[in-house]
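This report refers to the structure that appears directly beneath it.
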Amino acid sequence: MDALLLRSLQTYVLGTFGSAKWQEVCSLADHPSQMFEPMLHYSPGLADRVGDIVSRVLGRPVEAIWEDVGTYLVTNPDRDGIRRLLRFGGVSFSDFLHSLEELPARAKLALPDLDPPEVLLDEVGPDRFELRCRSHIRGIQRVVMGVVTAMADDYGALCLIDTGADDCITIAVLDSRHATAKAFDLAMPEV
């Protein structure tokens, strides 16, 4: 999981802030290749350490960096495959939330060596949810929060999404049809 997050962080910094900032991050991280390969194994904790370095280089809180990485994964047109994969979670935003618990097992089917986080969703009331994401990677919860926030927008749902007690993400769906959902078809559009 560290490798995927490191690659996502690399793509986000390069795409948003440019190669000079990424080179500075890699230099401070003692990573001369300046590339993280998603299929390689990296030492546990490296993703959090590099996230902390990105935070210092950009002068932004590390929580905001990780949340932006999650949003970037869903909203960047170059990453439309991730958005499409997540939209298969259901017709509504609530359906999507309920599908999140299945994602780690699906990821393990595709990548057996992956150590995905444990994802637990509790529906604590009508249109109110608590989402927990357990992993050795500190930043994963904020990445998931960014993904969930971007997907709410994708579905056209108006939500209050925040961090709650016990490291959970609280989600209150205020209006599931607040805006027009972004277009989604099962088949890829023809080019």
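From helices alone, the chain scores -15000 deg cm²/dmol at 222 nm; the rule is -39500 (n - 2.57) for each run of n ≥ 4 DSSP H residues, then divide by the residue total. Size of the chain from its Cα atoms: along the principal axes, largest to smallest, the extents are 48, 46, 34 Å.
Using a ≥ b ≥ c from the Cα gyration tensor of segment 102-191 (square roots of the eigenvalues), is it rounded, prolate or oblate, where a/c under 1.5 gives rounded and otherwise the larger of a/b and b/c decides, a/b for prolate? Because a/c hits 1.5 or more and a/b fails to exceed b/c, segment 102-191 counts as oblate. Only protein heavy atoms count here; on that basis, with a 1.4 Å probe, residue 17 has an accessible area of about 80 Å².
Ordered by solvent-accessible area of protein heavy atoms (1.4 Å probe), largest first, the residues 109, 85 come out as 109, 85.
Taking every alpha-carbon pair under 8 Å whose residues sit at least 6 apart, segment 98-149 reaches a relative contact order of 25 percent.
Classify segment 83-137 from the C-alpha gyration tensor, please: rounded if a/c falls under 1.5, else prolate or oblate depending on whether a/b exceeds b/c. It comes out oblate by the Cα gyration axes. The accessible area of residue 71, taken with all protein chains in place and a 1.4 Å probe, comes to roughly 50 Å². The Cα center of segment 115-155 and the Cα center of segment 28-91 differ in position by 16 Å.
Residues in segment 22-82 average 53 Å² of solvent-accessible surface per residue, probe 1.4 Å, ligands and nucleic acids excluded. Per atom type, segment 79-157 shows carbon and sulfur on 54% of its accessible surface, probed at 1.4 Å.
In percent, rounded to a whole number, the relative contact order of segment 106-189 is 24, using alpha-carbon pairs under 8 Å and six or more apart.
Note on residue 178: accessible area approximately 110 square angstrom, rounded to 10, probe 1.4 Å, nucleic acids and ligands left out. Sequence-distant contacts, meaning Cα pairs under 8 Å at least 6 residues apart, place the relative contact order of the chain at 18 percent.
The values are calculated or read from the model by the stated rules, or taken from the named source; none is laboratory data. What you are looking at is a predicted structure, and each value in this text was computed from that prediction instead of being measured. The accessibility values were calculated without ligands, DNA or RNA, using every heavy atom of the protein model including side chains. Shrake-Rupley method; radii C 1.70, N 1.55, O 1.52, S 1.80 Å.
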